[in-house]
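Report on the structure given below.
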Amino acid sequence: MNLMIKMFFRPDFAIQVIVISVFCSFNLINAQQDGTQEKPNIIFILTDDQRFDAIGYAGNKYVETPEMDNLAKTGTYFNNAIVTTPICAASRASILTGLYERSHNFNFQTGNIRDEYMDNSYPTLLKNNGYYTGFYGKYGVRYDGLDKQFDEFDEYDRNNNFKDKRGYFYKTINKDTVHLTRYTGQQAIDFIDKNATNKKPFCLSLSFSAPHAHDAAPDQYFWQAETDKLLENTTIPGPELAEDKYFNTQPKIVRDGFNRLRWTWRYDTPEKYQHSLKGYYRMISGIDLEIKKIREKLKEKGIEKNTIIIVMGDNGYFLGERQLAGKWLMYDNSIRVPLIIYDPREAKHQDISDMVLNIDVTQTIADLAGVKSPATWQGKSLLPLVQQKTNTINRDTILIEHIWDFSEIPPSEGVRTEEWKYFRYVNDKSIEELYNLKKDPKEINNLIGKKKYKEVTDKLRIKLDDLIKKNSNEYRAAPTDLTVELIREPSAEVKIFDLKPEFGWTVPLGAKYQGAYQILVASNEKSINNNNGDVWDSGQVRSLESTNVEYEGNALEVGKTYYWKVRIWDEENRLVDYSEPQKFATGKSDNYIISTENKFVVTKVAPVKFENRKDFIFLDFGKAAFATLDFTYNAKKPHTLIVRVGEMLDDKGNVNRTPPAKSNIRYQEIKVDVKPGQSKYQIKVLEDERNTRANKAIPLPEGFPPLVPFRYAEIEGAQEPIMATNIEQLAFHTYWDEEASSFACDNDILNQVWELCKYSIKATTFNGLYVDGDRERIPYEADAFLNQLSHYTTDREYAIARRTIEYFMKNPTWPTEWQQHVALLIYADYMYTGNTELIERYYEALKHKTLYELSNEDGLITSTKVDKEFMRKLGFADDYKKPLTDIVDWPPANFNGSTTPGELDGFVFKPYSTVINSFFYENMKIMVEFAKILGKTDEVMDFELRAAKAKKAVNEQMFDKERGIYVDGVGTDHASLHANMMPLAFGLVPEEHFASVVNYIKTRGMACSVYGAQFLMDGLYNAGEEDYALELLSSTAERSWYNMIRIGSTITLESWDNKYKNNLDWNHAWGAVPANVIPRGLWGIKPKTPGFGVATIKPQMSKLKSSSIEVPTVRGTIKAKYTFNGARLQTYEIEIPGNMVAEFSLNNIDGKDLLHNGAKIPPAFNSIRLSPGTHIIQLKINSF
């Protein structure tokens, strides 16, 4: 507790303002004496914990404040001055910055107040606009730039190293130890002495530590000898509302908090009460004595007529009422303070009853100084009231708040009007209080919950929410993009299978980095809206993690609906608002797969073309989709319509009724019987035997009608009119956010390729797992890996990939390399999401799928060693007949009765294959990481050894040193594209052989399939071959992605063209490689650490003149823009989301200058570290 007390009583702010105005002219003293100086001097005096009635002028007969009273009698006195936040630190920050606490977000436990706020603080503005500024006393705000605010200053407060009177008595004047009040007063007198004849007007801010208690000391209050006799023979009456009942009506969070603890320090016995009250009043009287001396000095210097004095308390104070001490709460004792503005230029005294705020003083000082206030300030100037130019401030409702989240001081927020006060406790908004201040000024009768006052309560709640929104800013922005089990919008349609789910969110950019979080999980919407985590309240958890945060409450129940929200503290411990709540429901998986399945979406697509073509109506929906067709038709008599749907047009521009023989390019003709009395129809898609085979093809999700991929439709036989608005294509796909990713550049071919590939990923998500297209609708590991990479780079969606991975653990397919893709799948998921569940669950089974048990003494593996027992380890059923078979690429030569050369570039199969062993090396590197995650040290070393041996063996036994290229395997001298691109893609090629391997690869062209192109492009970008990579991406040759567009498809093909695979389909997502290569390769945006804690950005723009991109990540979207300004200058603009770091680098920058936000980067640095926010990076080429 002592440590907590020490921490809590650091700079406790009380600013009293004396505004001394001095009007300058050529003859300063004369000008001050005759009142002609243009600008006044300003002295701002702030006292610490002086409440509104602790001044004689307010009718308090126990405190002697003749000087304050005189200022009030001759100046403007504000009867209802209120601090926006009743605590020293936040109130002082508000006075300096003109901002509410929820805007400046500073409290005792945060780091420094933001520089941008202090750059607009009133002393800074005055200093920069001709004022000489000074400060003495308790500053109370963490800020390192006082020299920017003040020409001279001395910051000090009570000395908490001492637990006795020395807390107040440690400063000296002429070697005499004096009370801090005397010391501060003398500082002011000396300042006036030095600056009365200054050519500049001055603004002096004085901040007395008194009458704040010295919390660490048993006696609490210490005063000067001059006031020692005051109240000596007086017994001060006990506090109002002192009975137990007033304390007991407080919520438990108050009864158990610091307000009560400090009452026991100061007021719980008559002796303590008398000592504390007298000490409190004597300390205020001590300040009054210093004000008298200051005024005398002003008069002595002849500047009293041009000096404006503002006196104010930094917050109110409980003097035992309700058996409480301290401040912090929303009662008037806590929020009301004295405020006097004495302007000798205004002759008439006045009392103002309007509610005015501490942040109004900020505006007033600027107004007095003739300085324009920043638009960001949230108060109003009181000068028109002081000058009697108006009789009202025109403010009917004020926001009051204390939102520092501290365990012993419950945060609260509310509104106050002349008649009403409403407030609630932030951490449980169901705890509310409502008072009629006119009838109940002591705030005794809480009217909340009374039917008679429901309308008043509702209006005040709404007003509070409005003022909170109005007075917040971007730095209070809440976390967004909430996820449960990586699902962005879970609802009743999504069932969360994991009863200890992981939560995630995007850290707002204004926060930059997260320092801590708090998660609430509630059983109902009302509780979560009240910030009541009745199922789980994590409390403040000091953690950087904003993804994969596991639920740690009591076990969730299957079949229940829950609500959750999160808030965070930034790296400087500033708290931001709670996110909007998110709803999720739990369920139970009907099989071994526990990864949550996302919801499906049906998109209704109107035709982009509608034409009457004699015998039929022709429709083009713009893009093919896995879909059915809905239409409205009003038949007057029964008849039959013929509906034709298809993916391909014939040479006349009609639906192609005879797609190429053997192909799986879809066409169907469907008869629809129509009749009077029915107007809505849906075609009954014909089911294909092959892609609906039980225990082979993946069945459509429950409730889906049969689907067929089609873009075009024809309707024949209509006897009644059909309009374009009567027909819709119903496209089925998983949840998809079209805005999650984007790409554009000055190369139109590449733009079209991007759109083709991105859409292909969306369109092929209709089945709940990644399938190989419409031909079989079967998941294959290699297809899934390419799907996964492109899905993760085009949308923030991970569910299908994770479920597909789990599917493969018990449903493997026969190609050898496909087994080796499972480790790649899990590793990609780990890097993109940071989630380790799949690793933990499938680690042992995954080891088998790496085929490490098939290795020889040299570290190479061969599938020829596979037996039935090993097939069982891979997950194959005992009755599975087909052996594990190396395929390298697909299809092989003469496939399906064709005469095509295949996609293997003549690869020669040998027992020890370069392709198989390249995958094996990559698998071993991945297993090293997975073993580390699981703490399996022995296996880490084993996999490291296996990786090293494999790399050594491949380079010794499969590399032709004379030609500088890799051969297909041990025992052949044939060198295919695949045997070289795979080692390049997986990091097997030593740097000294890069050139020869890359040059050979470039001689082979696109001699691989659309699947193999993934590894070709990865290898090229890994090697920095950006020109050749861009050439392939934007190629218009027959073996190119653009060729898919040219022949008429809107979803990527299974192969480059119909002639390269005669049974191809036109809806195969493994052909959509550019959807991930453009972000990962051309822009070089990848996760460096799991879950994008650190991202890498390594653009390889080649000949592009401009480009922009948005890449979704689990932490938020990375945005980037490139501009080729000319041969000597290129510019990159990068935006990094919150809670992420990125490392930016470029190839070939020797002899060039790299500038980051205008600052030159030393050549020794290989990369630039980018924090959250926007960065401008320039590459300059200098020549002389």
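The values are calculated or read from the model by the stated rules, or taken from the named source; none is laboratory data. Remember, it's a predicted structure, so these values are computed and weren't measured experimentally. Cβ atoms come from the backbone with ideal geometry, glycine included; neighbour counts cover every protein chain shown.
Those strands (runs of 3 or more DSSP E) of the range 132-179 in which 3 or more residues are within 40 Å of the chain's Cα centre (by Cα) and either within 30 Å of residue 104 (Cβ to Cβ) or aliphatic (A, V, I, L, M) (or both) occupy 132-137, 152-155. For residues that are crowded, with 21+ Cβ neighbours inside 10 Å and touching a residue at least 60 places away in the same chain (Cβ under 8 Å), tally how many sit in the range 1022-1052. The total comes to 11. Condition test on residue 285, is it part of a helix (DSSP H, G or I) and farther than 30 Å from residue 436 by Cβ? Criteria met by residue 285. In the condition set (1) surrounded by fewer than 17 Cβ atoms within 10 Å (Cβ to Cβ); (2) part of a helix (DSSP H, G or I), residue 192 is compliant with all but (1). The set of residues from the range 198-249 being closer than 22 Å to residue 445 by Cα and buried (at least 19 other Cβ atoms within 10 Å of the Cβ) comprises 239, 241. Within the range 784-806, can one find any residue that is surrounded by fewer than 21 Cβ atoms within 10 Å (Cβ to Cβ) and either touching a Pro at 6+ places or on another chain (Cβ under 9 Å) or part of a loop (DSSP other than H, G, I, E, B) (or both)? Among the residues of the range 784-806, not one is surrounded by fewer than 21 Cβ atoms within 10 Å (Cβ to Cβ) and either touching a Pro at 6+ places or on another chain (Cβ under 9 Å) or part of a loop (DSSP other than H, G, I, E, B) (or both), which makes the answer no.
Restricting attention to the range 1057-1095, the residues that are more than 35 Å from the chain's Cα centre (by Cα) and either surrounded by fewer than 24 Cβ atoms within 10 Å (Cβ to Cβ) or among the charged types (D, E, K, R) (or both) add up to 8. Kindly indicate whether residue 921 is crowded, with 20+ Cβ neighbours inside 10 Å, of a type outside the set (Asp, Glu), in contact with a Leu (Cβ under 7 Å, 6 or more places away or on another chain) and not in a helix (DSSP H, G or I). So residue 921 does not fit the description; no.
Screening residue 765 with (1) surrounded by 23 or more Cβ atoms within 10 Å (Cβ to Cβ); (2) among the hydroxyl-bearing types (Ser, Thr, Tyr); (3) touching a residue at least 60 places away in the same chain (Cβ under 8 Å) gives one miss only, at (3). Taking residues in the range 265-279 that are over 11 Å from residue 319 (Cβ atoms), and partners anywhere that are assigned to a helix (DSSP H, G or I) and of a type in the set (Lys, Arg), the pairs with Cβ atoms closer than 9 Å and at least 6 places apart or on different chains are 265/272; 272/266; 275/266. Looking across the range 159-178 at every residue that is out of contact with any Lys or Arg (no Cβ under 8 Å at 6 or more places or on another chain) and buried (at least 18 other Cβ atoms within 10 Å of the Cβ), the one that is nearest to residue 118 (Cα to Cα) is identified as 171. For beta carbons closer than 7 Å, sequence separation of 6+ or different chains, a first residue in the range 38-64 that is at positive phi and a second that is modelled with pLDDT under 95 and not polar (S, T, N, Q), the qualifying pairs are 49/14. Note on the range 819-871: residues that are over 19 Å from residue 951 (Cα atoms) and either acidic (Asp, Glu) or part of a loop (DSSP other than H, G, I, E, B) (or both) amount to 10.
Tally up the residues in the range 724-754 that are out of contact with any strand residue (DSSP E or B) (no Cβ under 8 Å at 6 or more places or on another chain) and within 16 Å of residue 682 (Cα to Cα), please. Summing the residues that are out of contact with any strand residue (DSSP E or B) (no Cβ under 8 Å at 6 or more places or on another chain) and within 16 Å of residue 682 (Cα to Cα) in the range 724-754 gives 1.
Among all positions in the range 231-240, there is no residue which is of a type in the set (S, T, N, Q), assigned by TED's automatic domain parsing to the domain that holds residue 328 and in a helix (DSSP H, G or I). Here the range 377-432 is the region considered, the condition is being aliphatic (A, V, I, L, M), in a loop (DSSP other than H, G, I, E, B) and more than 30 Å from the chain's Cα centre (by Cα), and the residue that is farthest from residue 366 (Cα to Cα) is 393. Summed over the range 568-623, the residues that are surrounded by fewer than 17 Cβ atoms within 10 Å (Cβ to Cβ), small (Gly, Ala, Ser) and in a strand (DSSP E or B) give a count of 1. Suppose we keep only residues that are of a type in the set (D, E, K, R) and at negative phi within the range 300-325. Which one would you say is surrounded by the fewest Cβ atoms within 10 Å (Cβ to Cβ)? My answer is 300. Candidates in the range 52-81 are the residues that are out of contact with any Asp or Glu (no Cβ under 9 Å at 6 or more places or on another chain) and under 18 Å from residue 274 (Cα atoms); of these, the one that is surrounded by the most Cβ atoms within 10 Å (Cβ to Cβ) is 54.
Residue-by-condition table, conditions (1) part of a helix (DSSP H, G or I); (2) within 18 Å of residue 857 (Cα to Cα); (3) among the acidic types (Asp, Glu):
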site: 882; (1), (2), (3): no, no, no
site: 891; (1), (2), (3): no, no, no
site: 896; (1), (2), (3): yes, no, no
site: 899; (1), (2), (3): no, no, no
site: 902; (1), (2), (3): no, no, no
site: 929; (1), (2), (3): yes, no, yes
site: 932; (1), (2), (3): yes, no, no
site: 935; (1), (2), (3): no, no, no
site: 943; (1), (2), (3): yes, yes, no
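Among residues of the range 669-689 being in a loop (DSSP other than H, G, I, E, B) and of a type outside the set (D, E, K, R), the one that is surrounded by the fewest Cβ atoms within 10 Å (Cβ to Cβ) is 677.
If you go through the range 413-434 and pick out every residue that is under 13 Å from residue 335 (Cβ atoms) and of a type in the set (Phe, Trp, Tyr), you end up with 1.
Yes or no, residue by residue, for (1) surrounded by 13 or more Cβ atoms within 10 Å (Cβ to Cβ); (2) more than 42 Å from the chain's Cα centre (by Cα):
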position: 691; (1), (2): yes, yes
position: 694; (1), (2): no, yes
position: 697; (1), (2): yes, no
position: 701; (1), (2): yes, no
position: 704; (1), (2): yes, no
position: 707; (1), (2): yes, no
position: 713; (1), (2): yes, yes
position: 717; (1), (2): yes, yes
position: 726; (1), (2): yes, yes
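Annotation note: of 888, 915, 908, 954, the sole residue that is touching a Pro at 6+ places or on another chain (Cβ under 7 Å), surrounded by 16 or more Cβ atoms within 10 Å (Cβ to Cβ), of a type in the set (Val, Ile, Thr) and under 20 Å from residue 973 (Cα atoms) is 954.
Select from the range 1106-1146 the residues that are basic (Lys, Arg), part of a strand (DSSP E or B) and either touching a Phe, Trp or Tyr at 6+ places or on another chain (Cβ under 8 Å) or buried (at least 24 other Cβ atoms within 10 Å of the Cβ) (or both) and list them in ascending order. Once the filter is applied, which keeps residues that are basic (Lys, Arg), part of a strand (DSSP E or B) and either touching a Phe, Trp or Tyr at 6+ places or on another chain (Cβ under 8 Å) or buried (at least 24 other Cβ atoms within 10 Å of the Cβ) (or both), the range 1106-1146 yields only 1121. Looking across the range 195-223, the residues that are part of a loop (DSSP other than H, G, I, E, B) and among the small types (Gly, Ala, Ser) come down to 196, 209, 210, 213, 216, 217.
Residue 1131 passes every criterion in (1) in contact with an Asp or Glu (Cβ under 8 Å, 6 or more places away or on another chain); (2) of a type in the set (Ser, Thr, Tyr); (3) more than 17 Å from residue 1088 (Cβ to Cβ) apart from (1). How about the range 557-567: which of its residues are more than 14 Å from the chain's Cα centre (by Cα) and surrounded by 19 or more Cβ atoms within 10 Å (Cβ to Cβ)? Within the range 557-567, 562, 563, 564 meet the criteria.
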